[in-house]
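To keep things clear, I will list the structure first and then write my remarks on it.
The values are calculated or read from the model by the stated rules, or taken from the named source; none is laboratory data. This structure is a prediction, so every number in the text was calculated from the model and none was measured. Here the Cβ positions follow ideal geometry from the backbone for every residue, glycine too, while neighbour counts run over all protein chains shown. Side chains are part of the model used for accessible areas, which takes the heavy atoms of the whole protein and leaves out ligands, DNA and RNA. Shrake-Rupley method; radii C 1.70, N 1.55, O 1.52, S 1.80 Å.
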Amino acid sequence: DLHAHSSLRTMQTVPLLRECEEGFLRALAPKLTHHGYEAGERVELVEASLCIVTRGTAVRGGRPIVLNEYWGEDMIVTSPALRDARPGAALTYVEIVCLSRVALLDELKHWPQSRHEIHIAAATIAMSRAPCLIANYLGREKKSKDDLTNALMNLGNKNVSAYDKEFH
């Protein structure tokens, strides 16, 4: 039907969904939620979600997001610490289509090939964000790179010091 076709095209604007099975995307279509926001209104969702702009202009982290652009693709990452939790805001009247993490994970149970693609994308995002998270931690806690190196060298060692356990 027209709604499913339109939803399919919208989801395929997101690279991490392009390699997923078409049947999987069709199964996700009814789980999409639609939201509208007035200019200046904050876009804050209750749960981690992928948001795709379908009308207007939003902004997030100082970057404008226009038609068929998106944010929140990091909702596939397991660790909330590796997700960008900044809210979006409407620059103009904006309509967005959202897919929640819960809805995505629930449907992935039935689609092994798509699950594989999403897991690869999640690992890629996590690996690209982890160094920044570690660097911020080291700076905040006044730890040196040698502290991190020593902790990593002892990774998996059951007899690690309490100091090194902090890094594990």
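By how many nm would the segment from residue 38 to residue 147 lengthen if fully extended, with 0.36 nm per residue of separation less the alpha-carbon distance?
Numbers: separation 109, 0.36 × 109 = 39.24 nm, distance 4.87 nm.
Gain on stretching residue 38 to residue 147: 34.4 nm.
Once ligands and nucleic acids are excluded and a 1.4 Å probe is used, how much of residue 86 is accessible, expressed in Å² to the nearest 10?
130
If a paramagnetic tag sat 7 Å from the Cα of residue 128 along the Cα-Cβ line, which residues of region 96-111 would have the backbone N under 19 Å from that point?
Counting backbone N atoms under 19 Å from the label point, the list is empty.
Hey, if we sort 145, 31 by accessible area with the 1.4 Å probe, largest down, what's the order?
On the way: 145 150, 31 60 Å².
Result, largest first: 145, 31.
Ordering 116, 110, 35 from largest to smallest accessible area (1.4 angstrom probe), what's the sequence?
110, 116, 35
If you roll a 1.4 Å probe over the heavy atoms of the protein chains, what accessible area per residue do you get for region 1-72, in Å²?
Numbers: 3970 Å² over 72 residues.
Value for region 1-72: 55 Å² per residue.
So how exposed is residue 132, as accessible area in Å² (1.4 Å probe, rounded to 10)?
80
Using only helices, what value at 222 nm comes out for the chain when you add -39,500 (n - 2.57) per DSSP H run of length 4 or more and divide by the total residues, to the nearest 500 deg cm²/dmol?
Working: 7 runs with 71 residues, N = 168.
Value at 222 nm, helices only, nearest 500: -12500 deg cm²/dmol.
Please report, as a whole percent, how much of the solvent-accessible surface of the chain comes from carbon and sulfur atoms (probe radius 1.4 Å).
Details: 5520 of 9990 Å².
On the chain, the fraction of accessible area on carbon and sulfur atoms equals 55 percent.
If the label point is 7 Å along Cα→Cβ of residue 84, which residues in region 44-60 have backbone nitrogen under 14 Å from it?
Only 49-53, 58-60 pass the distance filter.
Would you be so kind as to identify all helices of the chain, as entire DSSP H runs, whose Cα atoms reach 15 Å or more along the helix's own axis and whose mean Kyte-Doolittle hydropathy is at least 0.0?
Span-like helices, by this rule, are 112-140.
If you work out Rg and Dmax of the Cα atoms in Å from the coordinates, which of (i) 21.8, 68; (ii) 19.3, 61; (iii) 14.7, 43 do you get?
So the calculated entry is the one marked (ii).
Which one of 99, 53, 133 is farthest out on the positive end of the charge dipole of the chain, using unit charges on Cβ (Lys, Arg +1; Asp, Glu -1) and the Cα centre as origin?
133
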